[in-house]
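S.K.: Below is a structure I'd like to ask you about.
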């Protein structure tokens, strides 16, 4: 009886030690700054670590999308305008995805590279260029499509509760109909592009 009790205590102790040795898993929120040909965008994301190498996440982004043929001009009074521009176009993708941490056992924790991919619906909003920026949203129209992205990135520092990171991704946003009209008479079906992002995390 005593031997059985001792065995149970040893096994229980070993189990508790193994639990203590396991790495803690975090749930983080992020404020994101996105840079692309269209300019500056902002976003929010939620990341849940499932294992020490695999995370699931959800994110949302708001950014402008510009036609490659757009050229800004400045008149003698300092006003900026684009000749032939009909609409401002904004992207609002909502994605769910998976992130995989690379080289976890080979490099120090203060540099944590990863690959990631996501898919989800995208809302494309157009506002008439003839109106002032904020006033134009009274006349906004929305179209819906499917999008997603793939990319690479890294987090820096030992603090996994409030991580800071950098990533680059190729975002796919494509229409299967006429698309949207940035410039008069020129419809864009493909709004895809490269985004460089800075990520500022906080623990939840």
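The values are calculated or read from the model by the stated rules, or taken from the named source; none is laboratory data. Given the structure is predicted, the values throughout are model-derived calculations rather than measurements. Positions of Cβ are generated from backbone atoms using ideal geometry, with glycine treated the same way; all protein chains shown enter the neighbour counts.
S.K.: Only strands (runs of 3 or more DSSP E) wholly contained in the range 52-155 count here; list those with 1 or more residues that are more than 24 Å from the chain's Cα centre (by Cα) and either under 26 Å from residue 185 (Cβ atoms) or free of Cβ contacts under 8 Å to residues at least 40 places away in the same chain (or both). Working first, answer last.
M.R.: Values: elements: 54-65, 72-74, 80-82, 87-101, 111-128.
So the answer is 72-74, 80-82, 87-101, 111-128.
S.K.: Which one is surrounded by the fewest Cβ atoms within 10 Å (Cβ to Cβ), of the residues in the range 161-173 that are modelled with pLDDT of 90 or more and more than 16 Å from residue 113 (Cα to Cα)? Please lay out each step first, then the result.
M.R.: In the first step, residues of the range 161-173 are kept if they are modelled with pLDDT of 90 or more; the result is 164-173.
Imposing the further condition that a residue be more than 16 Å from residue 113 (Cα to Cα) reduces the set to 170-173.
Working: 170: 12, 171: 24, 172: 18, 173: 21.
Applying the filter and picking the extreme gives 170.
S.K.: Being at positive phi and either out of contact with any strand residue (DSSP E or B) (no Cβ under 8 Å at 6 or more places or on another chain) or exposed (fewer than 15 other Cβ atoms within 10 Å of the Cβ) (or both) is the filter here, so list the residues in the range 176-204 that pass it.
M.R.: 185, the sole residue that qualifies.
S.K.: Going by the structure shown, is residue 158 within 21 Å of residue 55 (Cβ to Cβ), out of contact with any strand residue (DSSP E or B) (no Cβ under 7 Å at 6 or more places or on another chain) and touching a residue at least 24 places away in the same chain (Cβ under 8 Å)? Spell out the reasoning first.
M.R.: Working: within 21 Å of residue 55 (Cβ to Cβ): yes; out of contact with any strand residue (DSSP E or B) (no Cβ under 7 Å at 6 or more places or on another chain): yes; touching a residue at least 24 places away in the same chain (Cβ under 8 Å): yes.
Judged against the criteria, residue 158 is a match.
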